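Written out below as structure tokens is the structure these notes cover.
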Amino acid sequence: MYYNFLMVTTDKKISDQIILYSIIISHHTYIFLFIISLPVMILNAPWYISVPLFSWFLNAAIGQGWICPWTALENKYRKKVGMPTIDTFVKHYYIKPYIRYKVRNKYKEKIN
């Protein structure tokens, strides 16, 4: 009986991990497509449409005022899986790794 309980918990955790990773992949895809569409939107849409959308994207990407709905959904599944939550998606997946990369390269240059 106890063994079956462990299997159900493990299976549920695996399904939560699959959902989490699919959310992360779709979030990356969404951001990539939105970044590609920004120049097209700025050139083709009237200013009263493109400026609010562009400012909304910047606020969602790097702002601390509110959380993007996709990030909130990702944090929900991160808690279920037992991973730490993130502040902002762009900062966690793009800015922090870039800073780590730059610091690592500076450290390698000092050693050599």
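Values computed for the structure shown
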quantity: So ARG78, is it in contact with a Pro (Cβ under 9 Å, 6 or more places away or on another chain) and not hydrophobic (A, V, I, L, M, F, W, C); calculated: yes
quantity: Residue count, the range 63-94 (criterion: under 11 Å from the mean Cα position of the chain (by Cα) and not in a loop (DSSP other than H, G, I, E, B)); calculated: 13
quantity: Selected residue [modelled with pLDDT of 80 or more, part of a helix (DSSP H, G or I) and either under 15 Å from the mean Cα position of the chain (by Cα) or surrounded by fewer than 11 Cβ atoms within 10 Å (Cβ to Cβ) (or both)] from ILE19, ILE49; calculated: ILE19
quantity: Residues (among the β-branched types (Val, Ile, Thr) and either in contact with a Phe, Trp or Tyr (Cβ under 9 Å, 6 or more places away or on another chain) or surrounded by 10 or more Cβ atoms within 10 Å (Cβ to Cβ) (or both)) located in the range 77-112; calculated: VAL81, THR85, ILE86, THR88, VAL90, ILE95, ILE99, VAL103
quantity: Test for LEU33: is it in a helix (DSSP H, G or I), out of contact with any Lys or Arg (no Cβ under 7 Å at 6 or more places or on another chain), at pLDDT 80 or above and surrounded by fewer than 13 Cβ atoms within 10 Å (Cβ to Cβ); calculated: yes
quantity: Matching residues, the range 44-95, being in contact (Cβ under 8 Å) with a residue 60 or more places away in the chain and of a type in the set (Lys, Arg); calculated: LYS80
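The values are calculated or read from the model by the stated rules, or taken from the named source; none is laboratory data. Please read all numbers here as calculations on a predicted model, not as lab measurements. Using ideal geometry, Cβ is built from the backbone for each residue, glycine included, and neighbour counts are taken over all protein chains shown.
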